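Following: one structure in structure tokens, then a few remarks.
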Amino acid sequence: MTKQVNRGRRQFLMLATFFLGPLVLAFIVYYGFDWRPAGSTRHGELLRPPAVLPDVALGQEVGGVVPTFRRKWSLVFIADDGCAAACQAVLYETRQVRKALSRERDRTQRVLLIAGDFDRATVELQHPDLIIVTGDTPAAQALSGILGNVERDYIYLVDPLGNLMMRFPRDTGMKEIHTDLQKLLKLSRIG
């Protein structure tokens, strides 16, 4: 009888090891070593805690809707240099990201917060869907308390509730930003 009990225990331990072993190993590797699979879509950096942006009008009414940081996902870029070559490159990349979203494009908007002199007519001609907020507007003054302290070498993402929640380094490729944004839009029921 003890042979059968010992044999049953061995079989139980082997089955438990066979089924639970890979799960325990995966848990240790993933959480213990902060390892992420190569197919991960984590290119942006989450901001903790997210900053809540005020609900202010960002521009003129278009089609009966005043643009704000509410109701849409917003790609935000802050430029101090009058939108020189680096700023133009970022604007081009964010435009391509938005175009690549195809039918989800209407759930997003692009916002340029800019200080100083720049050729507004040229920027508006090249980027007709871009919302431009200059330093002399009430929106810029309302946002200066929060966005005045953020680093300038990033593209920021604001969720449809007005939370400044993620950032991408300026040199992040269009494909990486698109991948993260597409995943957020797929998982989000807001905006």
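With respect to Thr68, determine if the residue is under 30 Å from Ala121 (Cα atoms), hydroxyl-bearing (Ser, Thr, Tyr), at pLDDT 90 or above and part of a helix (DSSP H, G or I). It is false that Thr68 is under 30 Å from Ala121 (Cα atoms), hydroxyl-bearing (Ser, Thr, Tyr), at pLDDT 90 or above and part of a helix (DSSP H, G or I). Scanning region 96-141 for residues that are open to solvent by 90 Å² or more (accessible area, probe 1.4 Å) and under 20 Å from the mean Cα position of the chain (by Cα) returns Lys99, Arg103, Asp106.
Each row is one residue, and each column tells you yes or no for (1) among the acidic types (Asp, Glu); (2) without any contact (Cβ under 8 Å) to a residue 60 or more places away in the chain; (3) out of contact with any Lys or Arg (no Cβ under 7 Å at 6 or more places or on another chain); (4) farther than 30 Å from Lys186 by Cα.
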residue	(1), (2), (3), (4)
Phe12	no, yes, yes, yes
Leu15	no, yes, yes, yes
Leu20	no, yes, yes, yes
Gly32	no, yes, yes, no
Glu45	yes, no, no, no
Pro49	no, yes, yes, no
Val62	no, yes, yes, no
Ile78	no, no, no, no
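Within region 86-128, the set of residues being under 16 Å from Val158 (Cβ atoms), free of Cβ contacts under 8 Å to residues at least 60 places away in the same chain, not aliphatic (A, V, I, L, M) and not in a helix (DSSP H, G or I) comprises Gln109, Arg110. Of all residues in region 142-161, those satisfying the criterion of being open to solvent by less than 40 Å² (accessible area, probe 1.4 Å), modelled with pLDDT under 90 and not in a loop (DSSP other than H, G, I, E, B) are Leu143, Leu147.
Take the conditions of a type in the set (Val, Ile, Thr), modelled with pLDDT under 85 and either closer than 23 Å to Glu176 by Cα or not in a loop (DSSP other than H, G, I, E, B) (or both) and apply them to Val24. Does it pass? Spelling it out, it is not the case that Val24 is of a type in the set (Val, Ile, Thr), modelled with pLDDT under 85 and either closer than 23 Å to Glu176 by Cα or not in a loop (DSSP other than H, G, I, E, B) (or both).
Among the residues of region 51-60, write down those that are touching a strand residue (DSSP E or B) at 6+ places or on another chain (Cβ under 7 Å) and either under 12 Å from Arg110 (Cβ atoms) or without any contact (Cβ under 8 Å) to a residue 40 or more places away in the chain (or both).
Start the filter on region 51-60 by keeping residues that are touching a strand residue (DSSP E or B) at 6+ places or on another chain (Cβ under 7 Å), which leaves 51-53, 55, 58-59.
Hits for region 51-60 are Leu58, Gly59.
Pairs are defined by a Cβ separation below 7 Å, a sequence spacing of at least 6 or placement on different chains, a first member in region 144-158 that is closer than 12 Å to Val76 by Cα, and a second member that is open to solvent by 40 Å² or more (accessible area, probe 1.4 Å) and part of a strand (DSSP E or B); the pairs so defined are Asp153/Pro169; Tyr154/Pro169. If you go through region 171-188 and pick out every residue that is assigned to a loop (DSSP other than H, G, I, E, B) and either basic (Lys, Arg) or open to solvent by 100 Å² or more (accessible area, probe 1.4 Å) (or both), you end up with 1. Check whether at least one residue in region 32-39 is touching a helix residue (DSSP H, G or I) at 6+ places or on another chain (Cβ under 7 Å), open to solvent by less than 90 Å² (accessible area, probe 1.4 Å) and within 27 Å of Lys183 (Cα to Cα), and report yes or no. Looking through region 32-39, none of the residues is touching a helix residue (DSSP H, G or I) at 6+ places or on another chain (Cβ under 7 Å), open to solvent by less than 90 Å² (accessible area, probe 1.4 Å) and within 27 Å of Lys183 (Cα to Cα).
Checking each residue in region 72-81 for being open to solvent by 30 Å² or more (accessible area, probe 1.4 Å) and either more than 25 Å from Glu176 (Cα to Cα) or at pLDDT below 90 (or both) picks out Asp80, Asp81.
The values are calculated or read from the model by the stated rules, or taken from the named source; none is laboratory data. Owing to the predicted nature of the structure, the values given are computational and were not obtained by experimental measurement. We place every Cβ from the backbone using ideal geometry, glycine too, and count neighbours over all the protein chains shown. With ligands, DNA and RNA removed, areas are computed over all heavy atoms of the protein, side chains included. Shrake-Rupley method; radii C 1.70, N 1.55, O 1.52, S 1.80 Å.
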